[in-house]
Amino acid sequence: MSLDPGGDLEVIGGSAALQADFDAGTLGGTMQQEILVGAGGTLSIQNGTISGVDIVGDVTGDLNDPGGSGNISVDTSLDGFIANAGVQGTMTGSATRGGETVGAQGVLAATQD
């Protein structure tokens with residue numbers, strides 16, 4: 001996911017673990033930040049739903065700010081689909097860091113274990 005894609009770009013990302021309950025039509029999970037050095041933390045996939053092959057949800061959480069200004073708070077929406085035992089999606093929203101809110105956008109790709 002890129003933070004402030006229109007300006008001073010930083011990239012966060014890492015592994016995702018999704019829990020899909022097709023019978024209940026729900027999606028949840030976590031995303032562990034592993035790319036931006038010093039920005040440890042986990043984002044949660046909440047309020048996720050599955051309708052046919054479409055998925056939606058919220059990706060939120062706080063990461064450590066490697067710049068020392070507290071946390072990076074991420075608040076994005078997930079929109080995607082299920083295809084061939086995997087999930088693909090995009091995330092769009094914002095991140096707040098040191099009192100400044102910037103855009104946040106990214107992609108998600110996951111395969112079934």
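The values are calculated or read from the model by the stated rules, or taken from the named source; none is laboratory data. Note that the coordinates shown come from a computational prediction; the quantities given were computed from them, not determined experimentally. No Cβ is skipped: glycine too gets one built from the backbone with ideal geometry, and neighbour counts run over all protein chains shown. Surface areas here come from the heavy atoms of the whole protein model, side chains and all, with no ligands, DNA or RNA. Shrake-Rupley method; radii C 1.70, N 1.55, O 1.52, S 1.80 Å.
Mind ranking 76-83, 92-99 by how tightly packed they are, going by the mean number of other C-beta atoms within 10 angstrom, highest first?
Descending packing order for the listed peptides: 76-83, 92-99.
By average Cβ neighbour count within 10 Å, what is the ranking of 18-26, 43-51 from highest down?
43-51, 18-26
Output the peptides 105-112, 6-13 sorted from most to least packed, where packing is the average of other Cβ atoms within 10 Å over each peptide's residues.
Listed from highest to lowest mean packing, they are 105-112, 6-13.
Expressed as cubic angstrom per residue, what is the convex hull volume of the alpha carbon set of the stretch 9-113?
So the per-residue Cα hull volume is 86 Å³.
Counting heavy atoms of the protein chains only and a 1.4 Å probe, report the per residue accessible area for the chain as a whole number of Å².
On a per-residue basis, the chain sits at 54 Å².
Expressed as a rounded percentage, what relative contact order does the stretch 33-80 have, with Cα pairs under 8 Å and six or more residues apart?
After rounding, I find 33 percent.
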